[in-house]
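The values are calculated or read from the model by the stated rules, or taken from the named source; none is laboratory data. Predicted model, so just to flag it, every value in this text is computed and none were measured. Every residue, glycine as well, gets a Cβ built from its backbone with ideal geometry; the counts of neighbours run over all protein chains shown. Surface accessibility is based on the protein's heavy atoms, side chains included, excluding ligands, DNA and RNA. Shrake-Rupley method; radii C 1.70, N 1.55, O 1.52, S 1.80 Å.
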Amino acid sequence: MPHMSRAWRAAALRRLPAPWRSPRPFSSASGPTAKKSVPYQKTLQEEGSGSGEPSRAPPASAQVVVVGGGSLGCQTTYHLARMGVSGVVLLERDRLTSGTTWHTAGLLWQLRPSDVEVELLAHTRDVVSRDLPAETGLHTGWVENGGLFIASNKQRLDEYKRLMSLGKVYGVESHVLTPSQTKDLYPLMNIDDLYGTLYVPKDGTMDPAGTCSTLARAATARGATIIENCPVTGIQVRTDDFGVKRVHAVETAHGTIQTPCVVNCAGVWARALGRLAGVHVPLVGMHHAYVVTERIEGIQNMPNVRDHDASVYLRLQGDALSVGGYESNPIFWEEVSEKFAFGLFDLDWDVFMQHIEGAVNRVPVLEKTGIKSTVCGPESFTADHKPLMGEAPEVRGFFLGCGFNSAGMMLGGGCGRELAHWIIHGRPEKDMYGYDIRQRFHHSLTDNNRWIRERSHESYAKNYSVVFPHDEPLAGRNMRKDPLHEELLRQGCVFQERHGWERPGWFSPGGAAPV
């Protein structure tokens with residue numbers, strides 16, 4: 001396979017436009033590239049293009065201020081307005097979708113291992129494919145071309161069968177296919193190493209720019225105010241008569257807005273925004289990339305593909321494919337720039353090459369297909385690979401809607417609705433325990449940079465791994481141990497980790513358990 005991937009890379013680089021070619025390996029420097037070339041997003045402005053003046057003057061007060069005009073910010077604003085909240089203001093420091101949303105692949109897979117997530121995804125799909133077009137008369141960019149999950153072994157196919165069973169409960173159509181049936185559906189696919197596949201006909205893709213602009217129009221029609229080019233510079237927090245810290249106001253470069261509620265939907269920048277209010281937001285920024293191929297004959301109308309064992313996805317993009325995934329050695333964004341808006345990083349081919357090998361193995365025609373563009377931008381990731389939502393424990397009225405681990409588009413509709421319900425009623429409508437920031441991390445860990453980085457790195461690398469019962473993380477361990485730890489270890493104890501504590505899980509009868 002390596003010789004195939006080298007040939008594919010060489011052929012692809014020969015076809016790249018001049019700005020993308022380089023006689024040296026692509027660097028991993030954190031500086032943004034000058035331009036991104038992706039056909040369906042050409043209308044967006046480039047980095048640093050903000051006019052400097054807000055699109056409108058900030059009001060003196062608001063019931064809710066949402067900070068961040070990406071997928072979650074737009075969805076939350078829309079759902080708050082839809083639920084009847086007046087005086088909702090969305091502040092975006094540059095233009096809508098700037099930062100992370102604009103360059104996302106926009107995939108939507110309806111099946112996830114959690115029943116709550118299946119419901120969240122179903123609502124997102126309903127919003128972009130049905131509700132928004134009905135309200136605004138505009139097309140959001142939704143394309144329903146189906147999704148195909150690849151199984152290269154029995155364990156993976158068993159996992160897909162469980163997903164199919166879960167989907168039946170919620171009315172999600174899906175089918176387990178044999179290799180030969182998969183070949184009939186996707187003629188360009190190599191099925192020599194397939195054990196089977198799971199086909200979901202009504203999966204699809206979203207256009208980030210189209211979705212967010214339509215959400216903004218629907219929200220403003222319901223009374224919300226959206227202000228672009230209006231960066232937040234401070235958050236006023238006051239202590240009430242009971243000693244409880246509460247949000248009082250949001251300071252911007254163009255005026256102060258008095259409000260009892262702020263929603264942090266700032267993506268990679270959520271951590272910096274949290275610090276303004278004294279709130280710890282345990283996420284980290286990483287480089288996340290995909291490449292867009294040149295035209296491929298016969299690829300039109302094919303479903304999107306997710307090959308978990310190869311840790312690669314293939315997204316249909318007209319008559320081409322986008323190829324990306326989750327590598328085992330991701331690159332951290334060490335210095336998060338406040339001015340970064342519509343820029344990109346240079347693609348590190350040494351890191352990305354594992355996706356190329358998986359893609360060429362699955363769709364061999366890619367070996368002879370060139371690359372039209374490379375897209376490497378920032379995304380935010382968390383220690384347990386779940387979003388950060390709910391009211392922060394440090395400050396009342398400060399809500400989180402961030403850290404979506406590159407799934408902000410597909411989870412945005414469902415999570416935006418739950419966050420709006422949370423703000424209005426004090427609790428979400430669904431069981432959001434797994435997303436609630438108050439339940440998951442001990443306060444000693446939420447500002448521990450080493451722990452956040454190590455655990456987020458492992459969660460990123462294991463994103464496509466089969467989840468077995470009693471799996472325990474390996475990173476960020478031994479942060480807190482009790483006095484009996486060493487003695488229990490000698491007795492064959494295998495520990496679990498909860499809130500940073502090492503606690504006994506089970507004992508190996510033969511003495512000390514192997515690592």
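Mean projected area of the Cα convex hull of the chain, taken over all directions, amounts to 25.5 nm².
Cβ under 15 Å from Val88's Cβ, Val88 left aside: what net charge do those residues give with Lys, Arg +1 and Asp, Glu -1? Once positives and negatives cancel, what remains is +4.
Can you tell me the order of 469-476, 345-352 when each peptide is scored by its average per-residue count of other Cβ atoms within 10 angstrom, highest first?
345-352, 469-476
Under the criterion of Cα pairs below 8 Å and six or more residues apart, the relative contact order for the chain equals 21 percent. A 1.4 Å probe run over the range 64-443, with the rest of the protein chains in place, finds 34 Å² accessible per residue. For the peptides 124-134, 69-79, the ranking by packing is 69-79, 124-134, with the highest mean count of neighbouring Cβ atoms within 10 Å listed first.
Descending by average beta-carbon neighbour count within 10 Å, the peptides 409-415, 211-217, 162-168 line up as 409-415, 211-217, 162-168, the highest first. Ranked by solvent-accessible area (1.4 Å probe, protein heavy atoms only, all chains present), the residues His308, His355, His457 order from largest to smallest as His457, His308, His355. Go through Val312, Phe332, Leu90 and say which Cα lies farthest out towards the positive end of the charge dipole of the chain; charges sit on Cβ, +1 for Lys and Arg, -1 for Asp and Glu. Final value for the positive-end residue is Leu90.
Rounded to the nearest 20 debye, the dipole magnitude of the range 64-443 is 880 debye, with +1 charges on Lys and Arg beta carbons, -1 on Asp and Glu beta carbons, and the Cα centre as origin. Per-atom-type breakdown for the chain gives carbon and sulfur 51% of the accessible area (1.4 Å probe, protein chains only). Pairs from the table (Lys183/Lys462; Lys339/Lys430; Lys154/Lys462; Lys183/Lys368) lying more than 26 angstrom apart at Cα are Lys183/Lys462; Lys339/Lys430.
Towards the positive end of the charge dipole of the range 157-221, with charges on Cβ (+1 Lys, Arg; -1 Asp, Glu), say which of Thr178, Ala216, Ile191 has the farthest Cα. Looking along the dipole axis, the top candidate is Ala216. Coupling constants for the range 190-199 follow from the phi torsions by the Karplus curve (6.51 cos²θ - 1.76 cosθ + 1.60, θ = phi - 60°), and in residue order they are 7, 10, 4, 10, 7, 9, x, 9, 10, 10 Hz; glycine and proline get x. Computed from the Kirkwood radius of its Cα pairs, the Stokes-Einstein diffusion coefficient for the range 465-515 at 10 °C and 1.306 mPa s stands at 136 µm²/s. Remark on Ser61: its backbone amide H falls under 5 Å from those of Gln258, a criterion applied only to residues 5 or more positions apart or on other chains, H modelled at 1.01 Å from N. Full extension of the chain segment joining His425 with Phe507 gains 25.0 nm, where the gain is 0.36 nm per residue of separation less the Cα-Cα distance.
Database remark: amide H of His248 closer than 5 angstrom to the amide H of Gln236, Val237, Arg238 (H placed geometrically; neighbours at sequence offset of 5 or more, or on other chains; Pro and chain starts carry no H).
Over what distance in Å are the Cα centres of the range 441-473 and the range 274-339 separated? Between the Cα centre of the range 441-473 and that of the range 274-339, the gap is 19 Å.
Summarising the amide proton neighbourhood of Phe404: residues at separation of 5 or more, or on other chains, whose placed amide H is nearer than 5 Å comprise Ser380. Its residues counted as N, the range 410-515 yields a C-alpha radius of gyration over 2.2 N^0.38 Å of 1.36. Taking every DSSP bridge with both residues inside the chain, close to 75 percent are antiparallel.
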